[in-house]
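One structure below.
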Amino acid sequence: MRFLIPLYLVIHLATLSFAQDNAALKRPKLVVGIMIDQMRWDYLYRYYDRYEQGGFKRLLNEGYSHENTYIDHLPTVTAIGHTTVYTGSVPSIHGITGNDFMYQLEGKVTYCATDTSVSGVGINGSSGQMSPKNLLTSTVTDELKLATNFRSKVIGIAIKDRSSIFPAGHFANAAYWFGNDAKWGTSNYYMDELPAWVKQFNESSLADDYLKNGWHTLYAKESYVQSSPDENPYEGAMKGMNKAVLPIDASILKKNGRGIIRDTPFGNSYTLDFAKAAIHEEQLGNNKNGCTDFLAISLSSTDGIGHQYGVNALEVEDMYLRLDQDLKAFFEFLDNKIGKDEYLIFITADHGASHNNPFFIDHRGGGGYLSLSQERLNHHLDSIYHSPALVRSLMNDQVHLDYALIASKGLNLGNIKATIIDYCRRLPGIAYAVDMDRAGQSTVADPIRRRIVNSYNFKRSGAIQLVFDPQWKGGSDKQTGTGHSAWNPYDAHIPLVWMGWGIPKGGSSNQIASMYDIAPTISALLHIQEPNGNVGHPLSFK
Ligand SMILES: [Zn+2]
């Protein structure tokens, strides 16, 4: 009797299993990642009232924002940021420890994406010799490829090579970046010849068309109330300009050559134009083989313009208002081409930026300049250890030591590190000087200690991490524009907004999130394996 199953239940179970057998796994047709280089989180709101419907406002109102997303590594720079977003990992594991880093045992400095075993395709010289060779882990784009037996298409696009190459991963169909003359190219790591559509795009007059009207403000200058007056002492002028003011005439842009587009807001427009062409020509997201494709875009002009003019500049405000319009048009393109809610998009940044130092000091906000140099440190060490070149570099805010020299002279590494730490921690502007090997036990505020540990890769990082007081910088007291590299919120608090397939509309969360949570969140949404160096957690959308 007890084996007798009621008839209605048999039918119900049969229908259920029938439904399960036939329903394909649901994934978006296309994932689009847009990294906005140097975009501080607060830019979402600083200019909110001036954004139009359809750009940043659409993202926030139709998408989901993780409002408190932070970078958990040091230094906060482009190569590490892009790599961390796409690997869900940290420099300690993924190995990209700076834009440039030093192979410690050999004392050899390398650019992060340099690969001398490859050559440029459509890009001449060393700017074409790039690949993801130095990246030690897989990316979420790699995992998508593995999950679909390499049937998904993955393409990376950015003016900066590193911002295209690392997001696109090891298995990418292509990663495109800029050559000197603003022509898109790649390396023979990916292909031996540019596709016809890329050649055609490069031969078009589009870049010149953008430049031929110069850079004028979108609106009357008086309306830029969120920025300093256009003419002020804190901004750097473009080559050929004697002041950092708008407009910049077409004749100045022309004199600088076509490549100057990267230092104007049109660099963003031009990148998104190329992204649209890639979607169209490579049929990304057409879903013919049932596989999700991935387009990893990074907008680099936001960083160049930020560096040049600084956080409080009218030029930066104007650029974001223009980017807002470009994003609106790009989302509309995706709606039409892929279908609304058929694509998953996320927007984030590789790092933020601090205020210009003289600006901050003049407004009595504090901060200052650190006068520490490699020479000064070596001079001090020489007076004790009678060896004048123990420090190889201070790159990435770290003290890099010549381990081979120390060993050959029979010097005690621990003593040398202690001497350096004692010397540095007494300097005004230094918050901490931390022995990387002992960072876990150091008396350092928790979020900073975690960031140091996350970033320490023995073979690729310096021996001692220097942490500055807030708004302290190395270099001269005349500096214009801005920079970034620190743990502080101005450099480390980034936007993270999702929209489209699988994303609830109009939500936000103040939960603390990390940059390295982005890749595992994408993995969870797509039901694919997380990258092989992942340390992040999938974020919730509640
Ligand atoms: Zn930068």
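Residues of the stretch 47-83 that are outside any loop (DSSP other than H, G, I, E, B), among the polar types (S, T, N, Q), touching a Gly at 6+ places or on another chain (Cβ under 9 Å) and within 16 Å of the ligand (Cβ to nearest atom): THR83 alone.
Quick check on the stretch 259-281. Is at least one of its residues assigned to a loop (DSSP other than H, G, I, E, B), surrounded by fewer than 24 Cβ atoms within 10 Å (Cβ to Cβ) and at pLDDT 95 or above?
No, the stretch 259-281 contains no residue that is assigned to a loop (DSSP other than H, G, I, E, B), surrounded by fewer than 24 Cβ atoms within 10 Å (Cβ to Cβ) and at pLDDT 95 or above.
Please work out if ASP293 is more than 16 Å from the ligand (Cβ to nearest atom), more than 15 Å from GLU235 (Cβ to Cβ) and touching a strand residue (DSSP E or B) at 6+ places or on another chain (Cβ under 9 Å). Yes; evaluated as a whole, the condition is true for this residue. When we screen ASN396, ASN378 for residues that are touching a Phe, Trp or Tyr at 6+ places or on another chain (Cβ under 8 Å), among the polar types (S, T, N, Q) and surrounded by 14 or more Cβ atoms within 10 Å (Cβ to Cβ), the only hit is ASN396. Cβ separations smaller than 7 Å between residues 6+ apart or across chains give no pair from the stretch 299-311 residues that are acidic (Asp, Glu) to residues that are more than 11 Å from the ligand (Cβ to nearest atom).
Out of ILE406, ILE384, one residue alone is more than 23 Å from PHE458 (Cα to Cα), away from the ligand (no atom under 16 Å from the Cβ), assigned to a helix (DSSP H, G or I) and not charged (D, E, K, R). It is ILE384. Screening ASP477 against (1) closer than 25 Å to ILE71 by Cα; (2) surrounded by fewer than 18 Cβ atoms within 10 Å (Cβ to Cβ); (3) of a type in the set (Asp, Glu) leaves a single unmet condition, (1). Just one of the numbered conditions (1) within 16 Å of the ligand (Cβ to nearest atom); (2) surrounded by fewer than 24 Cβ atoms within 10 Å (Cβ to Cβ); (3) outside any helix (DSSP H, G or I) is not true of LYS288: (1). Of SER131, SER126, SER117, SER152, all but one fail to be farther than 18 Å from PRO91 by Cα and in contact with a Ser or Thr (Cβ under 7 Å, 6 or more places away or on another chain); the exception is SER152. One residue stands out in the stretch 103-133 among those that are in a loop (DSSP other than H, G, I, E, B) and among the small types (Gly, Ala, Ser): the one that is nearest to the chain's Cα centre (by Cα), namely ALA113.
In the stretch 84-97, the residue that is surrounded by the most Cβ atoms within 10 Å (Cβ to Cβ) out of those that are part of a helix (DSSP H, G or I) and of a type in the set (Val, Ile, Thr) is THR87.
Residue-wise test of (1) farther than 30 Å from ASN312 by Cβ; (2) among the charged types (D, E, K, R).
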residue: ARG162; (1), (2): no, yes
residue: PHE166; (1), (2): yes, no
residue: GLY169; (1), (2): yes, no
residue: TYR176; (1), (2): yes, no
residue: MET191; (1), (2): yes, no
residue: GLN200; (1), (2): yes, no
residue: LEU206; (1), (2): yes, no
residue: ALA220; (1), (2): no, no
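Residues checked against (1) in contact with a Pro (Cβ under 8 Å, 6 or more places away or on another chain); (2) acidic (Asp, Glu); (3) surrounded by 14 or more Cβ atoms within 10 Å (Cβ to Cβ):
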site	(1), (2), (3)
SER163	no, no, yes
PHE166	yes, no, yes
ASN173	no, no, yes
TYR176	no, no, yes
GLN200	no, no, no
ALA207	no, no, yes
TYR210	no, no, yes
GLN226	no, no, yes
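Step by step: first the residues of the stretch 412-434, then only those that are aliphatic (A, V, I, L, M) and crowded, with 17+ Cβ neighbours inside 10 Å, then the one that is farthest from the chain's Cα centre (by Cα). Which residue is that? Here the residue is ILE416. One residue stands out among those in the stretch 332-381 that are in a helix (DSSP H, G or I) and more than 30 Å from ASP422 (Cα to Cα): the one that is farthest from the ligand (Cβ to nearest atom), which is ASN336.
Take ALA329 and tell me if it is away from the ligand (no atom under 16 Å from the Cβ) and small (Gly, Ala, Ser).
yes
A single entry from ASP100, ASP72 fulfils the requirement of being modelled with pLDDT of 95 or more, under 15 Å from the mean Cα position of the chain (by Cα), among the acidic types (Asp, Glu) and crowded, with 17+ Cβ neighbours inside 10 Å: ASP72.
The values are calculated or read from the model by the stated rules, or taken from the named source; none is laboratory data. The structure presented is a predicted model; accordingly, all values stated were derived computationally and were not measured. Heads up, the Cβs are rebuilt from the backbone with ideal geometry, glycines too, and the neighbour counts pull from every protein chain shown.
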